[in-house]
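The values are calculated or read from the model by the stated rules, or taken from the named source; none is laboratory data. From a predicted model like this one, the values you see are computed outputs, not experimental measurements. Don't worry about glycine lacking a Cβ; one is built from the backbone with ideal geometry, like all the others, and counts go over all protein chains shown. Calculation scope for accessible area: heavy atoms of the full protein, side chains included, ligands and nucleic acids excluded. Shrake-Rupley method; radii C 1.70, N 1.55, O 1.52, S 1.80 Å.
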Amino acid sequence: RFKAVWDDTHLYIGAILESDFETQAHFTEHNSPIFQKDSDFEVFVDPFGSCHNYKELEVNAINTIWNLMLNKPYDDGGEEYSGRIAEPGDDRYYEVYHQKTATKVLRGELNDANGSATWSIEVALSYKDLLAHITNGEHSAPSVGDMMRINFSRVEKEGDINWTWQPQVV
């Protein structure tokens, strides 16, 4: 379950993730490839609906974050831009500075092969970060009637199970 609202500075997202199988959370280092091992919640934001320079946030149940930007769809030769694959000053470096996240295990235990867990996440995504690389530093809150493409994903079992709110196709 999730809800989303916005104001003049941020897009706010809250979600509760229930599971009937083991919930994994091992990565602790920022910009780790969380989906490769951990259960995670992902947010995809394409502010202008162009499929270019869209932002992705991945979070595991212990609040480890991976932010990335995709310059264009992988099928069109797109590449990841992130602090995972590049250092500050490199062309493919992308990082966010104004987002806030929090997670909490509500029921069960993480990394319990015989159990399941329910966890929650709260995210505040800043327009300063979402619109960076697109508007040369200019940003403003969406107005009533504006549209952004947003999708959500939940990944389990080392990426073998992946639910999305809407299919990842255009």
- [ ] Scan the range 121-131 and give yes if some residue there is aliphatic (A, V, I, L, M) and modelled with pLDDT under 90, otherwise no.
- [x] yes
Open item on the list: Name the residue that is nearest to residue 158 (Cα to Cα), counting only residues in the range 59-94 that are aliphatic (A, V, I, L, M) and assigned to a loop (DSSP other than H, G, I, E, B).
Closed with: 61
TODO: Working only within the range 37-76, note down all residues that are acidic (Asp, Glu), surrounded by fewer than 22 Cβ atoms within 10 Å (Cβ to Cβ) and out of contact with any helix residue (DSSP H, G or I) (no Cβ under 8 Å at 6 or more places or on another chain).
DONE: 46, 56, 75, 76
TODO: Take the range 95-125 and flag every residue that is in contact with a Lys or Arg (Cβ under 9 Å, 6 or more places away or on another chain) and in a strand (DSSP E or B).
DONE: 117, 118, 119, 120, 121, 122, 123, 124, 125
- [ ] Out of the residues in the range 6-26 that are open to solvent by 50 Å² or more (accessible area, probe 1.4 Å) and under 16 Å from the mean Cα position of the chain (by Cα), state the one that is farthest from residue 118 (Cα to Cα).
- [x] 12
Open item on the list: Can you confirm whether residue 22 is out of contact with any Leu (no Cβ under 7 Å at 6 or more places or on another chain), closer than 18 Å to residue 96 by Cα and in a loop (DSSP other than H, G, I, E, B)?
Closed with: no
- [ ] Looking only at the range 25-58, count how many residues are in a loop (DSSP other than H, G, I, E, B), farther than 30 Å from residue 145 by Cβ and not aromatic (Phe, Trp, Tyr).
- [x] 11
TODO: From 79, 95, 87, grab the single residue that is among the acidic types (Asp, Glu), more than 20 Å from residue 148 (Cβ to Cβ) and open to solvent by less than 50 Å² (accessible area, probe 1.4 Å).
DONE: 95
Open item on the list: What pairs come out if I take residues in the range 150-168 that are part of a loop (DSSP other than H, G, I, E, B) and pair them with residues that are open to solvent by less than 50 Å² (accessible area, probe 1.4 Å) whose C-beta lies under 8 Å away, six or more apart or interchain?
Closed with: 165/151; 165/152; 165/153; 166/151; 168/44; 168/151; 168/153
